[in-house]
Amino acid sequence: MNRRTIALLCAVALAAMAVTGCASPSAEEPVPSPEPREPEPKAVVIGTLPTEDMLPLWVAEERGLFEAAGIPSVEIVTFQAAQERDAAFVAGEIDAFMGDIIAAATLEAGGAPTTIATVMLGATPAEGRFGIVAAPDSGYADLAALAGVPVGTSEGTIQEYVLDGLMRQAGVDADDVVVEPVPRVPVRFEMLMQGQLAAAALPEPLLSLAELEGAVLLADDTEGENLSQTVLVFSDTYLADPGGVDTMAALLQAWNEGAAIVNEDPDAWRDTLVEQARLPEPLRDTYRVNTYPAAQVPTAEQVGAVLEWMTAKGLLTTTLTYEDLVLVTP
């Protein structure tokens with residue numbers, strides 16, 4: 001089954017379930033439209049990191065929204081590292097995952113075809129905050145001062161992409177952006193707070209914890225250019241079965257309902273974030289819970305900017321397009 005067929009089946013499934021925002025790459029050659037049919041979702045296994053991006057799906061699990069959407073079984077598997085998650089995806093141990101555009105493009109180029117179904121956080125700049133902080137007592141007060149100074153982050157990831165974007169917006173020449181590779185975020189946080197790093201790029205909630213404990217926020221991505229999106233990514237092998245397309249449509253329905261529940265009363269889900277997303281205990285009562293978007297795909301501009309950055313960094317040697325990655329229904 002080619003991607004055009006997947007897109008058409010998705011359109012039929014979404015129409016049947018009254019869900020919007022689904023998409024899949026399209027080819028130029030037309031194929032016959034599938035006959036209308038009753039959706040038949042099947043079991044799905046979703047991989048994730050322990051982050052707040054997944055909150056609407058955890059809420060959906062807790063509230064029985066998956067069953068209500070007709071999905072017979074949803075298993076959410078938590079990985080401690082993106083590399084472990086991606087290996088499980090390639091091995092077929094998970095059918096979908098919470099990740100980012102860089103991860104989806106890397107897997108696609110590596111021979112594990114992917115389809116981005118929706119943005120989970122990052123539909124607006126305010127969602128899913130990343131930032132750059134200076135160590136307490138470091139003396140750094142703005143990004144310009146970090147020109148030539150090693151900044152802790154993980155290489156070839158969305159965090160380095162945001163670091164480069166924020167430094168560019170601050171007028172720092174690309175040649176003056178120096179990366180100190182520290183892949184594991186908790187280790188990076190500890191090194192920053194102990195003064196072993198002058199500055200670091202951090203995602204939430206460790207960004208807020210660093211500020212609480214005396215680090216100096218130099219910039220974040222909540223204003224200006226929308227730099228970061230986390231996305232729900234499906235395996236094209238899973239979507240080759242019409243039942244997989246039905247499941248994706250049903251899952252987006254559950255996502256919309258879960259996001260609406262969170263957005264109505266964000267503070268009610270703090271305990272879930274502590275238990276599932278490792279929200280640090282000092283932030284339990286004060287952390288700003290995100291507002292989550294309804295199901296929608298990333299824009300062509302957002303995906304194109306990431307692909308251009310990956311190519312410039314030598315992370316992508318295969319030419320990919322928006323239509324190669326994103327589910328765009330006819």
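Of these, Ala268, Ala254, which one is within 28 Å of Leu327 (Cβ to Cβ) and either of a type in the set (Val, Ile, Thr) or modelled with pLDDT of 95 or more (or both)?
Only one candidate passes the filter, namely Ala254.
Select from the stretch 61-77 the residues that are buried (at least 17 other Cβ atoms within 10 Å of the Cβ) and under 18 Å from the mean Cα position of the chain (by Cα) and list them in ascending order.
Selection gives Ile76 alone.
Checking Thr124 against (1) surrounded by fewer than 16 Cβ atoms within 10 Å (Cβ to Cβ); (2) in contact (Cβ under 8 Å) with a residue 60 or more places away in the chain; (3) of a type outside the set (D, E, K, R); (4) over 20 Å from Val326 (Cα atoms), which test does it fail?
(4)
Restricting the stretch 229-251 to residues that are polar (S, T, N, Q) and crowded, with 23+ Cβ neighbours inside 10 Å, which is farthest from Gln302 (Cα to Cα)?
Thr247
Only one of Asp236, Asp220 is farther than 24 Å from Ala170 by Cα and within 20 Å of the chain's Cα centre (by Cα). Can you tell me which?
Just a single option satisfies the conditions, and that option is Asp236.
Within the stretch 95-104, is there a residue that is in contact (Cβ under 8 Å) with a residue 40 or more places away in the chain and over 15 Å from the mean Cα position of the chain (by Cα)?
Checked the stretch 95-104: at least one residue is in contact (Cβ under 8 Å) with a residue 40 or more places away in the chain and over 15 Å from the mean Cα position of the chain (by Cα).
From Thr317, Thr329, Thr311, which residue is surrounded by fewer than 19 Cβ atoms within 10 Å (Cβ to Cβ) and either at pLDDT below 95 or not assigned by TED's automatic domain parsing to the domain that holds Ala69 (or both)?
From the options Thr317, Thr329, Thr311, the qualifying one is Thr317.
Going by the structure shown, is Ile116 touching a Pro at 6+ places or on another chain (Cβ under 7 Å), buried (at least 23 other Cβ atoms within 10 Å of the Cβ) and touching a residue at least 12 places away in the same chain (Cβ under 8 Å)?
When the stated conditions are applied, Ile116 passes them.
Does Gly156 satisfy being at pLDDT 95 or above and not assigned by TED's automatic domain parsing to the domain that holds Leu307?
Judged against the criteria, Gly156 is not a match.
Among residues belonging to the stretch 38-74 that are part of a helix (DSSP H, G or I) and among the charged types (D, E, K, R), point out the one that is farthest from Leu121 (Cα to Cα).
Going through the qualifying residues, I end up with Glu67.
Which members of the stretch 101-145 meet the condition of being out of contact with any strand residue (DSSP E or B) (no Cβ under 6 Å at 6 or more places or on another chain) and polar (S, T, N, Q)?
Answer for the stretch 101-145, where residues must be out of contact with any strand residue (DSSP E or B) (no Cβ under 6 Å at 6 or more places or on another chain) and polar (S, T, N, Q): Thr106, Thr124, Ser138.
The values are calculated or read from the model by the stated rules, or taken from the named source; none is laboratory data. Computed from a prediction, not measured in an experiment: that's the story for all the values here. Because the Cβ atoms are built from the backbone with ideal geometry, glycine has one as well, and the counts that use them run over all protein chains shown.
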